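Each remark here refers to the structure printed beneath this line.
The values are calculated or read from the model by the stated rules, or taken from the named source; none is laboratory data. Since the structure is predicted, the reported quantities are computational estimates derived from the model, not experimental observations. Cβ atoms come from the backbone with ideal geometry, glycine included; neighbour counts cover every protein chain shown. Quick note on the areas: whole protein, heavy atoms, side chains included, nothing else; ligands and nucleic acids left out. Shrake-Rupley method; radii C 1.70, N 1.55, O 1.52, S 1.80 Å.
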Amino acid sequence: MFSLQAWIRERVPVGPEQLRELTNEPVPNHLKKWWWCLGGTPAYLFVVQIVTGILLAFYYKPAPQTAYESVRYITEEASFGWFIRGLHKWAATLMVAAVVLHQMRVYFTGAYRKPRELNWLVGMCLLLLTLVVGFTGYSLVYEQLSYWGATVGANITDSVPVVGVYMKQLLLGGEVYNDNTLSRFFILHAAVLPVTMAALIALHVTLIRLQGVTEFHFKDEDPKKAKFFNFFPEHLLTELSIGLVLMILLSVLATVLPAEMGPKADPLTTPEVIKPEWFFYVAFRWLKLFTGTLAVLSMGLVVFLMYAWPFIDAQIRKWRPNSEASVWIGIAGALAIIALTVWEASVAH
Amino acid sequence: MLAGLGASYGTAAVYATRYLYPARPRAKAWMYVARVADIAPGGSLNYTTPGGEKVAIARQAQSGTVDDFVALSSTCPHLGCQVHWESQNERFFCPCHNGTFDKSGKGTGGPPGDAGQSLPRYPLKSEGGLLYIEVPTESLEVADASPPRDGHDPCLGPHLGDGARV
Ligand code: HEM
Ligand code: FES
C-alpha cells in the first residue's frame, strides 16, 4: 500500500528521532524564568516585521512625489492598513527595546566572556542593524521628520574624516537629498538590511547552539534536581507564550496608540521643534553638545569600545581576577544613556 | 585561477560600486539676480532659487565689484538643516541642534558656533554691471505644506528688501 510517510522518508531522510535529537538542546533551568528569554523576543519581533513589512510594501511607493500619499493611503483607506502599519511601527519600537534589554542581560551576567566573545560581536552588529533599520524605516514615510532625519543622518556620515564624503553620496545617491534617495532607503530598509540581519541571527543562534547558553546556579536551587530541561517542548512553550503576550501587546498598542501622519516633508523648512525617535535621543543630545566631527568620532569610539568589551574585560580580569569593574562600568553607561535620553525628552531644544 | 577570479569578480564589484555612486554632480547654473547699481550699499534683497530656497543677498561695500556682495545660504553647515532668521534675537537659528549665526552668517553658538563654522555662501559674479548667482537647478518637488512662495519669478527680477530676512 502506498504510504505517504514512507514516500516522504525516502526523499527527505530525516525521522522523528533525528528531529528530536536536533531540537533537543538541553536548556539550563534558569531559562524557565522569562527574563532570561529576552533574546527570543527580538527574534520573534523580527518575524513580525518581515510579515507586516511585506504587507506594507504592497502599497508603499518609494518616491518623493508618492511616498507620503501612499503611507496616507495605507493608514486611512486600505482596509486594516492602520493596523498593519501600527503593528510594524510598534514592533520596531519594541524590537529596539528588546535588543537593548537582551544585551543588558548578557552584559550584567557576564555571558559575553570566553568562549562567547564572537557571539557578542555578532550581537553588536545586530544592535546597530536594528537601529539602522529603524532609522531607514521612519525615513520612508516622507514626513518632516523623515526628511530632516535622513538629511542629518547622511551628513553625520559626511563628518567621518576621509571616506565620509563618499559614504554620504553613496547613501543619498547625490550630494543632497534627491529623487534617488528614497528608493535607496527603501531597498536598504526592506531588502539589504533585513537579509543581513536574518543571516546574522542564524549565525547568532548557531553559535548559541554550539556553545550552549551560559549556565547559572542560584543558591535557592535544589542541587539534586535536574539542571536542564528540554528545548522541545518545554522551552518552545515558554517562547510561544511570550509570542502570545507580545501579539496581544502589539495589537493593543496599534489600536490604542495608532500610527499617525505627521506633516509632509518640506525641503525648504526645518520645523521649529524637531526630534528623532526616542531611541536616537542619546545620539541627538550628544550632537548638540559637541562639534560635528568630535561628536561623530566620540560616538564611533564608544561603539568600538562596546565591540571590544569582552577583550577589554578579559584584560581587566587577568590583572584583577575579582574585579567588579564590568558591573560599575555597565551601571555608569546605562545611567549616562538614560540621563541623556531623559534630558532630550524633557526640553524642546 | 585565483587571479582570474579576483580580477573578474573584483572588476564587477568596482563597477557595481561605481554604479551606485552618483553619475554626475548636482546641476548648477549662473542665474541673473539684479543690476549691481540697483542695490545700494547696506541694502539687501531676497532671491529665490529655482528650487525654492530663499537667499539673502546683501551689499556691504560700494567698490562696485562683486566683492561688495554676500549671498548667504540657509543650509546649516553643521548637519544640513534649514536655519531661519529670528528678528527678535537678531540671529539665524537652526532648530536641529541649536546652532546660531549672526547677521553676517558667522556661527555664534551651538555646535556650528563652537566649531567656528559659518553659513555657506553662494558664488556670485558680476558681468557688465549685472549680478549673477550660481545655484543648483535641480531640486525635489516642494511640499504643499510649505508657506506660499512670494510669487516672484527669479527670471523676471528680484524683490528689493530691507533686512537679512530669510
Ligand atoms: C527588520 C526589522 C524592521 C524594522 C525594525 C522596521 C522598522 C520600520 C519603521 C520604524 C518604520 C516607520 C513606521 C512608520 O512611521 O509608519 C518602517 C516603515 C516601513 N517598513 Fe519597516 N522595519 C523592518 C523590516 C521591514 C521589512 C522586512 C519590510 C519589507 C519587506 C519593511 C517595509 C516597510 C515599509 C514599506 C515601510 C513604510 C510604510 C510605513 O511607514 O507604514 N520593513 N519600518
Ligand atoms: S544642523 Fe544646524 S545645528 Fe545641527
>> Treating segment B:18-134 as a set of equal point scatterers at the Cα positions, no solvent, please give the Debye-formula log₁₀ I(q)/I(0) at q = 0.09, 0.10, 0.12, 0.14 Å⁻¹.
In response: -0.28, -0.35, -0.49, -0.65
> How crowded by other chains is B:85-97, given as the mean number of beta carbons from other chains within 10 Å of each beta carbon?
Replying inline: 3
>> Can you compute the FRET efficiency between A:Ile316 and A:Tyr59 using 1/(1 + (r/R0)^6), with r the Cβ-Cβ distance and R0 = 35 Å? Round to the nearest 0.05.
In response: 0.10
> Can you pick out the pairs among A:Lys264/B:Lys125; A:Lys114/A:Lys288; A:Lys89/A:Lys168; A:Lys288/B:Lys54; A:Lys275/B:Lys125 whose Cα atoms lie more than 32 Å from each other?
Replying inline: A:Lys264/B:Lys125; A:Lys114/A:Lys288; A:Lys275/B:Lys125
> To the nearest 20 debye, what charge dipole does segment B:26-139 have about its Cα centre, counting +1 at the Cβ of each Lys and Arg and -1 at the Cβ of each Asp and Glu?
Replying inline: 80
> Magnitude of the Cβ-charge dipole of chain A, K/R +1 and D/E -1, about the Cα centre, nearest 20 debye?
Replying inline: 920
>> Highest mean first, how do B:10-18, A:273-281, A:250-258 rank when packing is the count of other Cβ atoms within 10 Å averaged over residues?
In response: A:273-281, A:250-258, B:10-18
> What is the Cα radius of gyration of segment A:89-183 over 2.2 N^0.38 Å, N being its residue count?
Replying inline: 1.33
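Excluding ligands, DNA and RNA, what is the solvent-accessible area per residue of chain A at a probe of 1.4 Å, expressed in Å²? Don't skip to the answer; put the middle values down first.
On the way: 19030 Å² over 349 residues.
Roughly 55 Å² per residue, with all protein chains present.
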> Between A:Glu69 and A:Ala339, what length comes free when the chain is fully extended (0.36 nm per residue of separation minus the Cα-Cα distance, one decimal in nm)?
Replying inline: 93.5 nm
> B:Asp114: accessible area at probe 1.4 Å, nearest 10 Å²?
Replying inline: 110
> If contacts are Cα pairs under 8 angstrom and at least 6 residues apart, what is the relative contact order of chain A in percent?
Replying inline: 27
>> If I take every Cα pair under 8 Å that is 6 or more residues apart in segment A:275-349, average their sequence separation and divide by the length, what percent do I get for the relative contact order?
In response: 50
> Hey, with R₀ at 35 Å, roughly what FRET efficiency would A:Glu17 and A:Thr206 work out to, going by the Cβ-Cβ distance, to 0.05?
Replying inline: 0.95
> Mind listing the phi-derived Karplus ³J(HN,Hα) values for segment B:9-24, rounded to whole Hz, using 6.51, -1.76 and 1.60 with θ = phi - 60°, and x for any glycine or proline?
Replying inline: 5, x, 4, 4, 5, 5, 4, 5, 5, 5, 4, 6, 7, x, 6, 8
> Could you state the number of Å between the C-alpha centres of segment B:30-65 and segment A:243-316?
Replying inline: 41
> How big a patch of accessible area, both sides summed and in Å² to the nearest 100, lies buried between B and A at a 1.4 Å probe?
Replying inline: 2800
>> Which of the three applies to chain A, rounded, prolate or oblate, going by the alpha-carbon gyration tensor with a ≥ b ≥ c and a/c under 1.5 meaning rounded?
In response: oblate
> Using θ = phi - 60° and the Karplus curve 6.51 cos²θ - 1.76 cosθ + 1.60, what whole-Hz ³J(HN,Hα) does each residue of segment A:248-261 get, with Gly and Pro shown as x?
Replying inline: 5, 4, 4, 5, 5, 4, 5, 8, 7, 10, x, 5, 10, 9
>> Can you compute log10 of I(q)/I(0) for segment A:36-143 with the Debye formula, treating each Cα as one identical point scatterer, at q = 0.12, 0.15 Å⁻¹?
In response: -0.49, -0.68
>> 5 Å is the cut-off here: which amide hydrogens, built 1.01 Å from N in the peptide plane, fall below it relative to B:Ser118, excluding neighbours closer than 5 in sequence?
In response: B:Gly107
> Say the dipole of the protein assembly as shown comes from +1 at the beta carbon of Lys and Arg and -1 at that of Asp and Glu; which of A:Tyr147, A:Pro258, A:Val282 then lies farthest toward its positive end?
Replying inline: A:Val282
>> Residue by residue through segment A:331-348, what is 3J(HN,Hα) from phi via Karplus (6.51 cos²θ - 1.76 cosθ + 1.60, θ = phi - 60°)? Round to whole Hz and write x for glycine and proline.
In response: 5, 4, x, 5, 5, 4, 5, 5, 4, 5, 5, 5, 4, 4, 6, 9, 10, 6
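Which net charge results for the neighbourhood of A:Gly149, defined as the other residues with beta-carbon distances under 10 angstrom from its beta-carbon, given Lys and Arg at +1 and Asp and Glu at -1?
Values: positive: A:Lys275; negative: A:Glu143, A:Glu277.
Its environment carries a net charge of -1.
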> Taking the simple approach of a point 7 Å from Cα along Cα-to-Cβ for both B:Met1 and A:Val195, what is their distance in nm?
Replying inline: 2.8
> On full extension of the chain, what length is gained from A:Glu260 through A:Glu324, given 0.36 nm per residue of separation minus the C-alpha to C-alpha distance?
Replying inline: 18.4 nm
